[in-house]
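A quick write-up on the structure given underneath.
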Amino acid sequence: MADDTSSPMDRFCGSTFWNATETWYTNDPDFTPCFEQTALVWTPCAFYWAFVIFDFYYLKASLDRNIPWNKLNVSKALVNLGLLVITALDLIMALVKKGGDSELPLYDLDVWGPIIKFATFLLLFIFIPLNRKYGVQTTGCQFIFWFLLTVLSIPRCRTEVRLDAERQKILNSQQPSEQDFSWEEYQFVSFFIFFTFTSIMLILNCFADGMPRQTKYQRGENEIPELSASFLSRITYQWFDKMALKGYRNPLEEKDLWDLRPQDSCSEVMPIFAHHWNQNVRKNYKNKARVEPKAQFSNGNVTFENPHGEKNGRKKGMASIMPPIYKSFGGVFLFGALMKLFTDTLTFAQPQVLSLIISFVEAQDAEPEWKGILYAVLLFVLAAAQTFILGQYFHRMFIVGLRIRTALINAIYRKALRISNSTKKESTVGEIVNLMAVDAQRFMELTTYLNMIWSAPLQIGLALYFLWQQLGPSVLAGLAVMIILIPVNGVIASRIKTYQIRQMKYKDERVKLMNEVLSGIKVLKLYAWEPSFEKQVLDIRDKEIATLRSTAYLNAGTSFLWSCAPFLVSLVTFATYVLTSEANQLSVEKVLVSIALFDLMKLPLTILPMLSVDIAETQVSVNRINKFLNSEELDPNSVLHDSSKPHPMSIENGEFSWGDEITLRNINIEVKKGSLVALVGTVGSGKSSVVQAFLGEMEKLAGVVNTVGKLAYVPQQAWIQNATVRDNILFGQTYDRKRYNKVIDACALRADIDILSAGDLTEIGEKGINLSGGQKQRISLARAVYSDADLYLLDDPLSAVDAHVGKHIFEEVIGPKGILARKSRVLVTHGVTFLPQVDSIYVIKMGEISESGTFDQLVKNKGAFADFIIQHLQEGNEEEEELNQIKRQISSTADVPELLGTVEKAIKLARTESLSDSISVTSADSLMGGGGSLRRRTKRQDSHDSVASAASLKKKQEVEGKLIETEKSQTGGVEFAVYKHYIKSVGIFLSVATLVLNFVFQAFQIGSNLWLTQWANDQNVANDTGLRDMYLGVYGAFGFGQVTSYFFCSLTLALGCIFCSKVLHETLLSYVFRWPMELFDTTPLGRVVNRFSKDVDTIDNVLPMLWRMVISQAFAVLATIVVISLSTPIFLAVIVPIAFLYYFAQRFYVATSRQLMRLESVSRSPIYSHFSETVTGASTIRAYNVGDRFIEESDAKVDKNQVCKYPSVIANRWLAIRLEMVGNLIILFASLFAVLGGQTNPGLVGLSVSYALQVTQTLNWLVRMSSDIETNIVSVERIKEYGETKQEAPWELEQDKNKPKNWPQEGRVEFQNFQVRYREGLDLVLRGVSFNIQGGEKVGIVGRTGAGKSSLTLALFRIIEAAGGRISIDGVDIASMGLHMLRSRLTIIPQDPVLFSGSLRINLDPFEIKTDDEIWKALELSHLKSFVKSLAAGLNHEIAEGGENLSVGQRQLVCLARALLRKTKVLVLDEATAAVDLETDDLIQKTIRTEFKECTVLTIAHRLNTILDSDKVIVLDKGQIIEFASPTELLDNPKSAFYSMAKDANLV
């Protein structure tokens, strides 16, 4: 070794660093010892030092602490120590043996080599106890370091062994040698010890450390294995195998799923997001005075600041959700971006290796074989590395997406609890739920692709750079084509965008309409109005389909452009290249590498426009969410809680509005501690608004509202949760049996609960569908009483209950002797009866307080109150005893002759007409048989408290009480029938055409590629321009074929799918409209709406895209196999086992993934239904101040949804890694066979390898898409399932047409031994009822709640079908008619006034068959004319969702107007007088008496005066008629049940 070695590295080692002849140009390659000891050792070290920052980050981010010492980490520490010792020893030995006196010179390498190694090992050694302390169970950097170190030491093993063999030769040869080999011997031993230790460390690092002792969150046995999985297991997703296997064996269920990773749960994600959101909100204010603490995270509550701010804070603009999202989740995202950068670079190494392979084949035997193998392996390694990194990248992005969704859903939820009423008016419940369901979801879908924004241009740039090297400036021609295509595409994309927005708008409209229709379906059926609403839905749907069709044409256009883009580009480029100069000849390598590069450009070019559309869509979503999160909130300070004020509740000089004009002015109210204050007034005078003002729901314009203490609130329209009766009453408080039973008895719920199938564990449907209005109201009251608050706001709680129950409740609960006697209470009421017992009365008129004082004072005043009473008494619907009480009260206070006179008159009236449908608490018992009632009641109380039988009862009850059937998530495979159904809906011709066109397209594509290689191989082209032009022409023709076939193929497919979705939606709609009522009762509304929104949307938008992908991908895979087999037939031998591997991965995956998706979608709907429930009940939730509990429930539901979502994300990755490895094997074999098979045609070889390179992506997509289809075709399955449900009887029958126009002419109604039950398997509700009503008779129906009164009317309209017996009208059996024939000839005024959004006219006459005059006449008779006249739009006045913008009384009058417009011979009045004040009640009664004189009227009575003048009375009990006669006759017979009812009510 001469001292004048050239390079610094050579000097550093004291030997050659790089020797090309030894390493490359040889049949037996090897590295130099210097290279082995420097480059190959320092590479891993450099890697570790570069990435050690991640290890520090993991320490910081870890939620756990303290892993116990165990075999694994002890052995790691020991082996690491061993390595430290051996490196230190190396250094010492080098210093001892070399340099100085010894003849061996000491090189820098001998000193620095060990030092570098020692430093690295020391760093690794420090991490062992650190990782233990901070609970980090595995780290990737260390694994990769040991892996690299071990692999890169292998060449040195070979070298050392060879050198050792040479040394032995020298030693064994006879001549004695002078050389001293001790240093070399030492190095040999030391290296092998070092190598063994490294290998051991690598093996140890394949496993994860033990479980930490301290964890921030409880780790159950069901924890996700990922937390304790080793790095190796994490990158291969081997920890998921268990679940995949389980899912393959039998369908997964919820209990099989793992717990959520703590760092993805709401409790970890929310505080971070809230903190950044609050910062962002504050930045938006100019007055920076308020310095807020960090996001408080007190016992699980995250507070969000209100971006709307105080009135004075001038704001700079909307606070956007984007900055908080970047700040909260940007870190993970950036790490992902780094990985993406890495894989992009790897992708472009592949065409380079490809060109090496081609030149290797071209050279034919000039090159040694090992190079070919090296290239093939290199290709495989590149592909494999890319697979693993991409796997991690997508995983990271999905997690970011999930976290963003969690954050947004929670932010929206928390906001929804606080929005002001003006905000609520702007958007319907459906739209707010959509923010959560659609917009937050969209984010999640975007995050995966977001990095393409910079990655796609980067990939295009790299491709162009390499292409330039191949083809020079001609690339620019190709580039020009691409650039021209981009704006064209942009234009189309923006058109598609407008169409999509339009389609979204129609979809929202359609879903909103469906929502209302389904909410009011009972009314629609009673009125036989379904066809009108079905038509409305279909009209919207037609517009939607038209929009979809336009989108489809545009989409076909884009796909046409993009399919021809790569081809046009290569055509233009190659043409330019060969035509610009004679010297430019295509060689095989040039052609194939260029094609490979063009193919790499294809993906980013396709994604860019799609991405821009997606980003635009997400931008829309962001704006919608921003608008919502920035909308006005209720001012938390509008109600003060100042305990220094004298009274617990007061309003001083209050002025309030509902966001537009002033509703209440000059309000002064004081509620003394423990007093009962009544608010009275006519309909719409603002009584409820006063209550809302106390709650802080209204916008306070002036004045002071003060409440001190815990509130309870009973709204006018009870808000009932979809939970059990008991949960509704407890409302989050603990169950105290004694108190609970007391409350139930006081609220008269005991009897109702006994009727329910599972007692108080009966589940109540959404919005309380299986309860009557009175029951809901009483449950709502019981909730308030149970909450044991200090202040009670009761908004007309007695309106929906019968007079006697009302009296009972007043006495037991509200009145001076009731449970609430010591509380401060505000009562809104319509009844005069209780007024003498209240402490003070406020009379409200036109939004002002006209007078106030005690009953006596007000009577003396002769003001509005006296008028109110007089008017009330004239209606004569009070009972004698109560009138006497009022009389005493009045006469004792003052001489008010006209008042007394009125009272006397009323008493006379009451005596003559005295009778009651008394549903009083006692009369119910007396009905059951007189005297034993008390005893029986006490017995029942005991049995309630006995516990022994309770357990067995409970089980039975829970089964019976389940009303809502749990949503079936189908298990197992999707049957072929579903696909058949889909294809049938698409149409056979279109389906076949699509497949044929795809086949043609692939044929053209392969043809053009083979033609290109043929051209490149042809030697004569160089001298013959004619030949060249011929090649070029045919190549162009092939391309033209590709493009047209692809265009038509995407068009046929798109149109087929649209046709199909139209057909499917129509069948779904017509079936749902024809469901019998019982199905609506057992299916939650949300679930049906879900079919119409989510599932129809899937069929409209998702499936067509998936089909397009699947079909084209499947053909592409086929093409690949064909091409590879053409070039290397032996490949077919490998394809069989590979296909098996592939098939297994696919089956495992699909089975697991599909089930996970189903579980996920089933766990998703509760989030939304809970949310919409919250939005409707927000005021109640705020009044009770239980927002935090609801937020927690929502969080729990979101977490539960994540539990199902996360594994399906992982399943995706698990599959991707396995499939791509299969694809990588295809690459390996295709290239190995090409290299080793002695192939002579480089064109074919190159073609087969370049096809193999694409196959990984294609295979991956294929499985992904086919399983997506399996998952999404479930939508078709669910729609098909709804199309196979039970239907009600036909609407129209042929024989109906012969009936006269004005049937029934007489209105005779006859029941013959009639029996009916609500649903299969339930008890009979009417058990053999027979009676006969003559035409024109007025009949009252009375009986206790649950006696079957309503069932009678439902049976008359055939809402529930007979179980026996028959009903005939005018002698015709109603079972023999079409439903619409029957229902359209009867009139009903239903109990709940249901209105639909739309014009007032549509609400009165949806078929638009009546003239304006008729409508105005009806309005006049129903006392609405003046009101409607005062509206700007008159008859076209838009009614809000559910009729929110009319008062309850007005709604009731609209229902009366409907009845008047119909005017048929038979009228049914169902408890119609419940929720109305006396004035309206009076109006309705008068109208009915005059307008329906000739008709048969059946009244389900609630108050006395409703059936005083009826011809007959039917007394029902437990589904049987016990009496049927005229009221007078019954009252003359003291033994009649009717008499005893009257007696209980002190009327006889």
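The values are calculated or read from the model by the stated rules, or taken from the named source; none is laboratory data. This one's a predicted model, so the numbers in the text were calculated from it and none came from an experiment. No Cβ is skipped: glycine too gets one built from the backbone with ideal geometry, and neighbour counts run over all protein chains shown. These area figures cover heavy atoms from the full protein model, side chains too; ligands, DNA and RNA do not enter into them. Shrake-Rupley method; radii C 1.70, N 1.55, O 1.52, S 1.80 Å.
What percent does the relative contact order of the chain come to when contacts are Cα pairs within less than 8 Å and at least six residues apart?
Normalised by residue count, the contact order of the chain is 11 percent.
What residue among GLY1348, LEU458, TYR1318 has its Cα farthest toward the positive end of the dipole of the chain, where the charges are +1 on Lys, Arg and -1 on Asp, Glu, each on the Cβ?
The residue sitting farthest along the positive end of the dipole is GLY1348.
Using the charge dipole of the chain (Lys, Arg: +1 at Cβ; Asp, Glu: -1 at Cβ; taken about the Cα centre), state which of LEU402, THR345, LEU1386 has its Cα farthest towards the positive end.
LEU1386
Where Rh is the Kirkwood radius over the Cα pairs of the range 1012-1062, the temperature 37 °C and the viscosity 0.692 mPa s, what D in µm²/s does Stokes-Einstein return?
243
Once ligands and nucleic acids are excluded and a 1.4 Å probe is used, how much of TYR499 is accessible, expressed in Å² to the nearest 10?
Answer for TYR499: close to 40 Å² accessible.
What is the percent carbon and sulfur in the accessible area of the chain, measuring with a 1.4 Å probe over the protein chains and ignoring ligands?
59
Which of the peptides 1435-1442, 810-817 is most tightly packed, and how do the rest follow, judged by the mean count of other Cβ atoms within 10 Å per residue?
810-817, 1435-1442
What's the local net charge at ALA1525, with K and R +1, D and E -1, over the other residues with C-beta under 11 Å away?
Once all neighbours under 11 Å are counted, the net charge is -3.
Please list log₁₀ I(q)/I(0) at q = 0.09, 0.15, 0.22 Å⁻¹ for the range 1281-1418, using the Debye equation with identical point scatterers on the alpha-carbon positions.
-0.35, -0.95, -1.46
Sorted by accessible area (1.4 Å probe), largest first, how do MET397, MET339 line up?
Sorted by accessible area, descending: MET339, MET397.
So which lysines can LYS1493 reach, going by Cα to Cα under 25 Å and dropping same-chain residues fewer than 8 places off?
LYS1299, LYS1301, LYS1338, LYS1349, LYS1410, LYS1417, LYS1425, LYS1463, LYS1465, LYS1512
Kirkwood hydrodynamic radius for the range 1234-1281: how many Å is it when counted over pairs of different Cα atoms?
So the Kirkwood estimate lands at 13.6 Å.
Let me have the relative contact order for the range 95-251, percent, based on Cα pairs under 8 Å that are six or more residues apart.
Over the range 95-251, the number comes to 28 percent.
Report, please, the projected area of the chain averaged over directions, based on the convex hull of its C-alpha atoms, in nm².
Answer in nm², one decimal: 70.4.
Report Rg (one decimal) and Dmax (nearest whole number) for the range 1351-1434, counting Cα atoms only, units Å.
Gyration radius and largest Cα-Cα distance of the range 1351-1434: 16.8, 52 Å.
Using a 1.4 Å probe on the protein heavy atoms only, what accessible surface does ASP1509 show? Give it in Å² to the nearest 10.
80
So which aspartates and glutamates pass the test for LYS76, namely a Cα distance under 19 Å, with those fewer than 8 places away in the same chain ruled out?
ASP55, ASP209
Once both labels are modelled 7 Å past Cα along the beta-carbon direction, what's the TYR465-GLU1529 spacing in nm?
Going by the 7 Å Cα→Cβ label model, 10.3 nm.
Cα convex hull of the range 128-281: mean projected area in nm², to one decimal? Numbers along the way, then the final one.
Values: hull surface 67.0 nm².
Directional mean of the projected Cα hull area for the range 128-281 stands at 16.7 nm².
So, taking all protein chains as they sit and a 1.4 Å probe, how much accessible area belongs to MET1105, in Å² rounded to tens?
100
Using square roots of five times the C-alpha gyration tensor eigenvalues, list the equivalent-ellipsoid semi-axes of the range 988-1072 in whole Å, biggest first. Working shown, then result.
Numbers: eigenvalues 402, 17, 9 Å².
Output for the range 988-1072: semi-axes of 45, 9, 7 Å.
Which whole number of Å³ per residue matches the convex hull of the alpha-carbon atoms in the range 1140-1254?
Once divided by residue count, the hull of the range 1140-1254 is 109 Å³.
Starting from the eigenvalues of the Cα gyration tensor, five times each then square-rooted, give me the equivalent ellipsoid semi-axes of the range 1246-1342, largest first, whole Å.
Taking √(5λ) for each Cα gyration eigenvalue gives 65, 20, 9 Å.
Using only Cα atoms, tell me the angle between helix 773-786 and the longest principal axis of the chain; keep it within 0 to 90° and round to the nearest 10.
70
In square nanometres, what is one fourth of the surface area of the convex hull spanned by the alpha carbons of the range 1019-1150?
13.5
To the nearest 10 degrees, how steep is helix 1448-1462 against the longest Cα principal axis of the chain, on a 0 to 90 scale?
The helix 1448-1462 is inclined about 80 degrees to the chain.
Based only on the alpha carbon positions, what is the Kirkwood hydrodynamic radius of the range 711-758, in angstrom? Kindly include the intermediate steps, with their values, before the conclusion.
Details: mean 1/r = 0.0834 Å⁻¹.
Hydrodynamic radius (Kirkwood, Cα only) of the range 711-758 equals 12.0 Å.
Per-residue counts of other Cβ atoms within 10 Å, averaged by peptide: what ranking do you get for 1008-1020, 132-144, 775-787, highest first?
Details: 1008-1020: 17.2, 132-144: 20.2, 775-787: 25.8.
Going by the mean number of other Cβ atoms within 10 Å, highest first, we get 775-787, 132-144, 1008-1020.
Just from the alpha-carbon atoms, what are the Rg and Dmax of the range 1092-1201 in angstroms?
24.0, 78
Counting each pair of different Cα atoms once, what's the Kirkwood radius of the range 54-168 in Å, rounded to one decimal?
16.7
Among residues other than LEU1069 whose Cβ falls under 9 Å from its Cβ, what is the net charge (Lys/Arg +1, Asp/Glu -1)?
Numbers: positive: ARG541; negative: GLU534, GLU1066.
Summing Lys/Arg as +1 and Asp/Glu as -1 gives -1.
Work out the FRET efficiency for LEU95 and PHE181 from their Cβ-Cβ distance, taking R0 = 30 Å, and round it to the nearest 0.05. Don't skip to the answer; put the middle values down first.
Working: r = 19 Å, r/R0 = 0.64.
The computed FRET efficiency comes out at 0.95.
Can you give the Rg and Dmax of the range 1176-1312 based on its C-alpha atoms, in angstrom?
According to the Cα coordinates of the range 1176-1312, Rg and Dmax are 32.1, 101 Å.
Would the range 623-693 count as rounded, prolate or oblate if I go by the C-alpha gyration tensor, calling it rounded below 1.5 in a/c and otherwise prolate when a/b exceeds b/c, oblate otherwise?
Judged from the Cα gyration tensor, the range 623-693 comes out oblate (a/c at least 1.5, b/c at or above a/b).
How big is the dipole moment of the chain about its Cα centre under a simple scheme where the beta carbon of each Lys and Arg is +1, that of each Asp and Glu is -1, and everything else is neutral? Debye, nearest 20, please.
Charge dipole of the chain: 2160 debye, to the nearest 20.
Given 0.36 nm per residue, what is the gain on full extension from ILE486 to GLN218 after removing their alpha carbon distance, in nm?
Contour length minus Cα-Cα distance gives 91.1 nm.
Using 0.36 nm per residue, how much length does the chain from ASN1241 to TYR449 gain when fully extended, once their Cα-Cα distance is taken away? Could the numbers behind the result be given before it?
On the way: separation 792, 0.36 × 792 = 285.12 nm, distance 3.99 nm.
Full extension of this stretch gives 281.1 nm more.
Taking the Cα centre of the range 126-278 as the origin and placing charges on Cβ (Lys, Arg +1; Asp, Glu -1), which of PHE188, GLY135, PHE145 is farthest toward the positive end of the dipole?
GLY135
Under 15 Å from the Cβ of ALA77, count the other residues' Cβ atoms, weight Lys and Arg +1, Asp and Glu -1, and hand me the total. It would help to have the intermediate numbers written out before the result.
Values: positive: LYS71, LYS76, ARG132, LYS133; negative: ASP209.
Neighbourhood net charge equals +3.
Give me the 1.4 Å probe accessible area per residue for the chain, excluding ligands and nucleic acids, in Å².
On the way: 63670 Å² over 1548 residues.
About 41 Å² of surface per residue is accessible.
Using heavy-atom solvent-accessible surface (probe 1.4 Å) with all chains present, what is the largest-first order of PHE380, PHE865?
PHE380, PHE865
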